[in-house]
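Working notes, structure below.
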Amino acid sequence: MTETKKSEWNSNITFVMAMIGSAVGLGNIWRFPNVLYSNGGGSFMIPYIISLFLLGISFVLVEYAVGFKFKKSLAQILYFIKEKLEPVAWFVLLIVFLITTYYVCVVGWDLIYVVLSLTKAWGSNPDVYFSSNVLQATDTIAGITTIVPTVLASIFVIWFLLWFILKRDLNEGIGNVSKILLPILCAIVVIIVAFSLTLPGASIGYTQIFTPDWSALTNLNVWLAAFGQIVFSLSLGMAIALTYASYLPSGSKLVDNAVVVAFSNSGFEIFNSIGIFSILGFMAMSTGIPFNKLVTEGTGLAFVVFPQVFNIMGPWASLIGPLFFLCILFAGLTSAMALLEGVCYSVSEKFLIERKKTATIVCIIGFLISTIFATGAGSLILGVFDAFLNNFALLFAILIECIIFGWIYKFDELIKTLNDNSRIKVGKTWKAVIKYILPICILGLWIQGVYSTITTADSSSLTIMAILSVILIVVPIVFAKLPARNKNFFNPEN
Ligand code: PHE
């Protein structure tokens with residue numbers, strides 16, 4: 001039986017670009033502005049930066065250290081730490097995989113909007129156009145039986161692109177795509193921000209970012225929101241950093257890289273929000289709609305409010321519109337491929353399936369699951385998946401990861417790995433953060449997430465959540481029980 005060949009990044013730059021590409025995603029573009037606005041504007045930067053340094057970078061470092069030290073997939077690493085922990089790895093990877101199935105769908109909607117924006121085909125009522133024409137959304141779960149062909153086709157295109165990237169060698173696929181798309185993405189954001197600042201009323205928007213509401217700092221929810229944004233934005237606990245770091249050659253500077261990635265990701269979202277706020281300021285001034293009514297998040301912002309803005313922007317909208325949706329497309333693609341790489345790596349390592357075949361299997365299954373979101377009830381189910389997987393399952397997974405790496409594994413080994421490979425050193429403070437502070441903060445966020453998910457769910461949502469819970473328990477156990485075809489799987493020294 002042949003060994004699968006171990007991939008390695010061809011340069012540190014490729015690794016850093018791929019890491020930034022994985023972090024910069026939909027969360028940076030449409031989640032951050034709303035979180036910033038609803039949690040005190042300028043003063044939000046304080047909890048945000050503290051969360052970034054104290055918690056975000058700290059956890060990325062754990063993932064880097066573990067991935068770099070073992071140079072293995074998550075499944076094998078957890079098996080090595082304690083045999084019984086292998087199902088936890090499949091649990092994390094399954095959550096990541098399921099998140100990808102709906103993330104791809106949102107990127108698919110965006111692809112449709114790249115095309116629509118060329119002619120502003122959404123007409124004078126983008127709100128109705130989005131739900132009735134694009135999604136053909138139904139109010140109830142019954143819509144699951146009708147397929148929406150355009151959405152299905154665009155989801156297929158995104159899965160095809162992901163397959164095309166993932167089946168290639170690491171540097172040729174993920175490496176090159178990150179090195180091409182990331183600079184384009186940055187250039188687009190610079191153009192959008194520069195243009196947005198010239199719009200009348202821009203200052204109504206961007207001054208919000210710099211106007212602090214100091215009283216917000218005494219609100220615990222604001223601190224949790226800051227931490228939640230960091231978790232989401234840096235893609236913490238999703239085995240991305242761990243997988244990418246396992247492909248690093250020896251001698252790589254881990255802490256330095258983590259700082260560069262975290263700064264770039266936050267820099268991107270702060271800079272981008274100046275553009276979003278300025279455009280919304282322009283909209284507020286032109287239409288008289290109060291600013292706070294315009295700052296929504298997610299699909300409402302991208303597919304409803306922005307098309308409305310492009311409708312009144314004049315000729316420039318034909319350029320800025322497509323650029324805006326391309327920006328979301330590129331950010332989404334580089335994040336989705338990162339989400340899948342960790343999943344593919346564990347599958348390929350345990351079952352000794354070569355990279356190309358693993359990518360094919362994972363992408364076909366992924367596409368089949370994503371078809372649920374291409375139905376009339378798609379957006380409804382997507383909302384339930386998002387709330388359950390992000391607020392509930394993922395945070396729980398991160399909590400377990402903290403306990404495994406901070407308490408069960410010999411943590412001092414990780415300190416040594418990082419300090420041997422960096423100019424910036426870590427020590428006791430980092431250890432205390434991972435062992436005590438981070439789990440407490442995650443627990444706080446988790447309780448808040450569980451509470452809001454359960455209290456807002458109706459009976460069909462609760463049914464979907466119950467089905468997801470069963471899948472999340474059964475599938476990881478089955479995967480851990482399946483015999484490994486790789487004879488070295490149980491012997492991580494090899
Ligand atoms: N951090 C990325 C984003 O902001 C990737 C991500 C995807 C994170 C899905 C969480 C969930 O979009």
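According to a simple spin-label model (label point 7 Å from Cα along Cα-to-Cβ), what is the distance in nm between residue 210 and residue 180?
3.9
Could you work out how far helix 459-481 tilts from the main Cα principal axis of the chain, as a 0 to 90 degree angle to the nearest 10?
For 459-481 against the chain, the angle is about 30 degrees.
Leaving out ligands, DNA and RNA, and with a 1.4 Å probe, what % of the accessible surface on the stretch 254-380 is carbon or sulfur?
Exposed carbon and sulfur together represent 72 percent of the surface.
Report residue 459's accessible area, 1.4 Å probe, all protein chains in place, as a number in Å² to the nearest 10.
Surface accessible to solvent at residue 459 totals approximately 90 Å².
Before I look further, what does the chain give for accessible area per residue, probe 1.4 Å, in whole square angstrom?
I get 39 Å² per residue for this part.
For the pairs 357/431; 179/481; 69/179, note any where the Cα-Cα span goes beyond 28 Å.
357/431; 179/481
Report D for the chain in µm² per second (integer): Stokes-Einstein, Kirkwood Rh on Cα pairs, 25 °C, 0.890 mPa s.
107
Which of 290, 34, 132 sits closest to the plus end of the dipole of the chain, meaning its Cα is farthest towards the positive end, when Lys and Arg get +1 and Asp and Glu get -1 on the C-beta?
Towards the positive end, the residue furthest out is 34.
Please return the longest range in the chain lying between exposed loop sites, taking GluC sites (Glu not before Pro), DSSP loop only, at most 15 other beta-carbon atoms within 10 Å, and leaving the sites out.
Here the longest run is 9-353.
Taking the Cα centre of the stretch 1-158 as origin, sum charge times position over the Cβ atoms of Lys and Arg (+1) and Asp and Glu (-1), and report the length of that vector in debye to the nearest 20.
Working: 9 positive and 8 negative charges, 87 e Å.
Result for the stretch 1-158 is approximately 420 debye, rounded to the nearest 20.
Any chance you could look up the accessible area of residue 420 with a 1.4 Å probe, heavy atoms only, rounded to 10 Å²?
Accessible area, nearest 10 Å²: 100 Å².
With a 1.4 Å probe and every protein chain left in place, tell me how much accessible area residue 372 has, in Å² to the nearest 10.
Result for residue 372: roughly 60 Å² accessible.
Step through the residues of the stretch 429-437 one at a time and calculate ³J(HN,Hα) from phi using the Karplus curve (6.51 cos²θ - 1.76 cosθ + 1.60, θ = phi - 60°), rounding each to whole Hz and writing x for Gly and Pro.
The phi angles translate into 4, 4, 4, 5, 4, 5, 6, 10, 5 Hz.
Could you give the dipole magnitude of the stretch 316-436 about its Cα centre, charging the beta-carbon of Lys and Arg +1 and that of Asp and Glu -1, in debye to the nearest 20? Could the numbers behind the result be given before it?
On the way: 11 positive and 8 negative charges, 83 e Å.
Taking the Cα centre of the stretch 316-436 as origin, the dipole is about 400 debye.
Which value, in debye to the nearest 20, describes the size of the charge dipole of the chain about its Cα centre when Lys and Arg Cβ atoms bear +1, Asp and Glu Cβ atoms bear -1, and nothing else is charged?
Working: 28 positive and 24 negative charges, 228 e Å.
The calculation lands at about 1100 debye.
Could you tell me what percent of the accessible area of the stretch 425-494 is made up of carbon and sulfur, with a 1.4 Å probe and every protein chain present? Please report the intermediate quantities before stating the final value.
Working: 3000 of 4250 Å².
Within the stretch 425-494, the accessible surface is 71 percent carbon and sulfur.
Measure nothing fancy, just the Cα-based angle from helix 355-370's long axis to the longest principal axis of the chain, in degrees from 0 to 90, nearest 10.
It is inclined by approximately 40 degrees.
With an 8 Å Cα cut-off and a minimum separation of 6 or more residues, compute the relative contact order for the chain in percent. Don't skip to the answer; put the middle values down first.
Values: 738 pairs, mean separation 174.4, N = 494.
Relative CO of the chain lands at 35 percent.
Subtract the Cα-Cα distance of residue 115 and residue 220 from 0.36 nm times their separation in residues, and report this length gain in nm to one decimal.
33.6 nm
Amide H of residue 375: which non-local residues (sequence gap of 5 or more, or other chain) have their own amide H closer than 5 Å, using H built in the peptide plane?
Distant-sequence amide H within range of residue 375: 148.
Share of the stretch 116-217's accessible area from carbon and sulfur, percent, 1.4 Å?
In the stretch 116-217, the share of accessible area belonging to carbon and sulfur is 68 percent.
Put +1 on the Cβ of every Lys and Arg and -1 on every Asp and Glu Cβ in the chain; which of 225, 348, 390 then has its Cα farthest towards the positive end of the dipole?
Comparing the listed Cα positions along the dipole, 348 ranks first.
Looking at 254, 434, 149, which one has the Cα that reaches farthest to the positive end of the dipole of the chain (charges on Cβ: Lys, Arg +1; Asp, Glu -1)?
254
Could you tell me which of rounded, prolate or oblate describes the stretch 279-341, using a ≥ b ≥ c as the square roots of the eigenvalues of the alpha-carbon gyration tensor, with rounded for a/c under 1.5 and, failing that, prolate when a/b is larger than b/c and oblate otherwise?
Since a/c reaches 1.5 but b/c is at least a/b, the shape of the stretch 279-341 is classed as oblate.
Just to be sure I understand the model, the point goes 7 Å from the Cα along the line to the Cβ. What's the resulting residue 424 to residue 354 distance in nm?
Rounded to a tenth, the inter-label distance reads 4.1 nm.
Which residues make up the longest stretch of the chain clear of trypsin sites (Lys or Arg not before Pro) that lie in a DSSP loop with no more than 12 other Cβ atoms within 10 Å, not counting the sites?
In the chain, the maximal stretch lacking such sites is 83-409.
The values are calculated or read from the model by the stated rules, or taken from the named source; none is laboratory data. Bear in mind that the values here come from a model prediction, so they are computed numbers and not experimental data. In this analysis, Cβ positions are derived from the backbone assuming ideal geometry, glycine residues included, and neighbour counts consider all displayed protein chains. Side chains included, ligands, DNA and RNA excluded: accessible areas come from the protein's heavy atoms. Shrake-Rupley method; radii C 1.70, N 1.55, O 1.52, S 1.80 Å.
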